[in-house]
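S.K.: The following block contains the structure, expressed as structure tokens.
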Amino acid sequence: FPHSFRSYVGVEPGKDGFPGKYARGKIGSELYDLRANIGENKNVAAENPEVVQRLQALGEAMNAEIQANKRPAGRIPGAAPEKIVPKPLQPKALTANDRGEFVCLALNARIANAKGARYVESKLRKNIGSWHSLETVVNWQLTAVPAGRYRVFVRHALAKPLSGSEFQVTLGEAKLRGKTRTTATWLKYTESDVGVLDVPQAGDQTISIQGVKLASKRCVMNLHSLRLVPVR
């Protein structure tokens, strides 16, 4: 599945990389619980409006990506399809590098209230994607952060026309707001300067990023990394 005679707009990903519980069929009318009803003869759209909305967002994001590139994302004419592999996160406490920077890779994050957001890898990408919910929070643990001021950079990718979602970076009591911008495709990352955070007291910290306002196509970003650079 999906069967060729159905017009599917989204299949919920499972934790193991295989399709998950729900598939959405004809736009606006069908939702099937694949694990309980593999024959797809019981429409459960009315009982699960939040799932319908989430899978609609997945379908719209995929369509926008294809339209932006005029071919499946990441494809080079004549090349093999990109093999995207969901992988488990490897959270760990992060320390500063020799320049005093904290580099927070997506692989080392924790995701709270994932709502489908997950870490994926391929030859062309290493990021947290399928991020469609404002309830989702991505965070990192930082060890022995010196007191001072830090400039925050967010590295992300976002296909046209999905730019404009707003996000918030939080460290302790300090907060910064930023807005996503298009990078043409899901495979082309850009690093945005979000602003400067104050760390009044040295010690271990948690830094997080969360969507606060979704653009019209209901997608936050493909998140590659977040970087804290000390302001001298």
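S.K.: Restricting attention to segment 169-191, which residues are over 19 Å from residue 108 (Cα atoms), of a type outside the set (A, V, I, L, M) and at pLDDT 95 or above?
M.R.: 175, 177, 178
S.K.: Let me ask something else about it. What is the one condition in (1) at pLDDT below 95; (2) of a type in the set (A, V, I, L, M, F, W, C); (3) in contact with a His (Cβ under 8 Å, 6 or more places away or on another chain) that residue 215 does not satisfy?
M.R.: Failing condition for residue 215: (3).
S.K.: Look through 117, 106, 112 and report the one residue that is touching a strand residue (DSSP E or B) at 6+ places or on another chain (Cβ under 9 Å) and surrounded by fewer than 19 Cβ atoms within 10 Å (Cβ to Cβ).
M.R.: On the way: 117 fails: surrounded by fewer than 19 Cβ atoms within 10 Å (Cβ to Cβ); 106 fails: surrounded by fewer than 19 Cβ atoms within 10 Å (Cβ to Cβ).
Sole residue among the options that is touching a strand residue (DSSP E or B) at 6+ places or on another chain (Cβ under 9 Å) and surrounded by fewer than 19 Cβ atoms within 10 Å (Cβ to Cβ): 112.
S.K.: Condition check: touching a His at 6+ places or on another chain (Cβ under 9 Å) and at positive phi. Does residue 115 satisfy that?
M.R.: Working: touching a His at 6+ places or on another chain (Cβ under 9 Å): yes; at positive phi: yes.
In short, yes.
S.K.: Let me ask another. Would you check if residue 192 is farther than 26 Å from residue 53 by Cα and touching a helix residue (DSSP H, G or I) at 6+ places or on another chain (Cβ under 7 Å)?
M.R.: Against the criterion (farther than 26 Å from residue 53 by Cα and touching a helix residue (DSSP H, G or I) at 6+ places or on another chain (Cβ under 7 Å)), residue 192 does not qualify.
S.K.: Further, regarding this structure: Please go through segment 24-47 and pick out each residue that is among the basic types (Lys, Arg) and at pLDDT 75 or above.
M.R.: Taking segment 24-47 as the starting set, the residues that turn out to be among the basic types (Lys, Arg) are 24, 26, 35, 42.
Passing the criteria: only 42.
S.K.: A further question follows. If you go through segment 155-162 one residue at a time, do you hit one that is in contact with a Leu (Cβ under 8 Å, 6 or more places away or on another chain), surrounded by fewer than 16 Cβ atoms within 10 Å (Cβ to Cβ) and in contact (Cβ under 8 Å) with a residue 60 or more places away in the chain?
M.R.: Residues of segment 155-162 that are in contact with a Leu (Cβ under 8 Å, 6 or more places away or on another chain), as a first pass: 155-157.
Within this subset, residues satisfying the condition of being surrounded by fewer than 16 Cβ atoms within 10 Å (Cβ to Cβ) are none.
No.
S.K.: If I filter segment 133-168 down to residues being of a type in the set (Ser, Thr, Tyr) and within 21 Å of residue 56 (Cα to Cα), which single residue comes out as modelled with the highest pLDDT?
M.R.: 136
S.K.: Right, here's the next one. Under the condition of being of a type in the set (S, T, N, Q) and assigned to a loop (DSSP other than H, G, I, E, B), which residue from segment 175-203 is farthest from residue 231 (Cα to Cα)? Full working, then the answer.
M.R.: Our first condition is that a residue be of a type in the set (S, T, N, Q); within segment 175-203, this holds for 180, 182-183, 185, 190, 192, 201.
The next check asks that each one be assigned to a loop (DSSP other than H, G, I, E, B); those that pass are 180, 182-183, 185, 201.
Details: 180: 23, 182: 27, 183: 27, 185: 32, 201: 15 Å.
Among those that are of a type in the set (S, T, N, Q) and assigned to a loop (DSSP other than H, G, I, E, B), it is 185.
S.K.: Right, next: So how many residues does segment 204-232 have that are in a strand (DSSP E or B) and within 20 Å of residue 137 (Cα to Cα)?
M.R.: The first filter runs over segment 204-232 and keeps only residues in a strand (DSSP E or B), leaving 204-213, 222-230.
Applying the additional criterion that residues be within 20 Å of residue 137 (Cα to Cα) yields 204-213, 222-228.
Matching residues across segment 204-232 total 17.
S.K.: Right, something else. Of the conditions (1) of a type in the set (Gly, Ala, Ser); (2) under 30 Å from residue 200 (Cβ atoms); (3) buried (at least 17 other Cβ atoms within 10 Å of the Cβ), residue 130 satisfies every one except a single condition; which number is it?
M.R.: (2)
S.K.: Now for a different question. Looking at segment 141-168 only, could you name the residues that are part of a strand (DSSP E or B) and more than 15 Å from the chain's Cα centre (by Cα)?
M.R.: Residues of segment 141-168 part of a strand (DSSP E or B): 141-145, 148-157, 159, 166-168.
Across segment 141-168, the qualifying residues are 141, 142, 143, 144, 145, 148, 149, 150, 151, 152, 153.
S.K.: Pick from segment 166-191 the residues that are small (Gly, Ala, Ser) and surrounded by fewer than 17 Cβ atoms within 10 Å (Cβ to Cβ): which of them is farthest from residue 145 (Cα to Cα)? Before the answer, list the steps.
M.R.: Of the residues in segment 166-191, the ones small (Gly, Ala, Ser) are 172, 174, 178, 184.
Right, trim to surrounded by fewer than 17 Cβ atoms within 10 Å (Cβ to Cβ) and you get 172, 184.
Working: 172: 12, 184: 35 Å.
It comes out as 184.
S.K.: Only one of these conditions is not met by residue 88: (1) touching a residue at least 60 places away in the same chain (Cβ under 8 Å); (2) assigned to a loop (DSSP other than H, G, I, E, B). Which number is it?
M.R.: Unmet for residue 88, out of (1) touching a residue at least 60 places away in the same chain (Cβ under 8 Å); (2) assigned to a loop (DSSP other than H, G, I, E, B): (1).
S.K.: Determine if segment 184-203 includes at least one residue that is in contact (Cβ under 8 Å) with a residue 60 or more places away in the chain and closer than 21 Å to residue 93 by Cα.
M.R.: No, the conditions are met nowhere in segment 184-203.
The values are calculated or read from the model by the stated rules, or taken from the named source; none is laboratory data. As the structure is a computational prediction, the values presented were derived from the model and not from experiment. Cβ coordinates were reconstructed from backbone atoms using ideal geometry, including for glycine residues, and neighbour counts include every protein chain displayed.
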